Amino acid sequence: MAKPKQMSENFILGIILAAVGGYLDAYTYLVRGGVFANAQTGNIVLLGINLAEGSYLNALQYLFPIAAFSVGVLISEAIKIKLPKSYHLHWRQII
């Protein structure tokens with residue numbers, strides 16, 4: 001019997017999530033102050049550019065989303081580690 005696939009392994013869902021992520025990046029960058037809410041790589045690049053140009057106050061606006069993303073990663077990893085293996089929900093459903 002084939003092992004049932006997790007919803008997170010669905011190709012079509014991956015395409016939809018990529019499209020939504022791209023839209024959110026464009027929206028937050030263009031309309032919400034030039035920060036990326038979805039891709040931290042963009043925030044890190046813009047942070048580095050501002051630091052290299054000496055725009056330290058402008059660089060500060062990129063630290064909060066990077067820090068919030070990092071805290072979210074730590075919390076999700078803690079949930080994944082603490083969740084008992086016999087728990088009936090997959091850890092991704094809790095997050």
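The values are calculated or read from the model by the stated rules, or taken from the named source; none is laboratory data. Quick caveat: nothing in here was measured; it's all calculated off a predicted structure. When we count neighbours, we look across all protein chains shown, and the Cβ atoms used for this are built from the backbone with ideal geometry, even at glycine.
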Checklist outcome for this item: Of those in the stretch 30-63 that are among the small types (Gly, Ala, Ser), assigned to a helix (DSSP H, G or I) and surrounded by fewer than 17 Cβ atoms within 10 Å (Cβ to Cβ), the residue modelled with the highest pLDDT is Ala52
Next on the checklist: Just to verify a result, which residue in the stretch 7-29, among those that are of a type in the set (S, T, N, Q) and surrounded by 12 or more Cβ atoms within 10 Å (Cβ to Cβ), is nearest to the chain's Cα centre (by Cα)?
Outcome noted: Thr28
Checklist entry - If Leu74 satisfies every condition in (1) part of a helix (DSSP H, G or I); (2) modelled with pLDDT under 90; (3) hydrophobic (A, V, I, L, M, F, W, C) but one, which is the exception? => result (2)
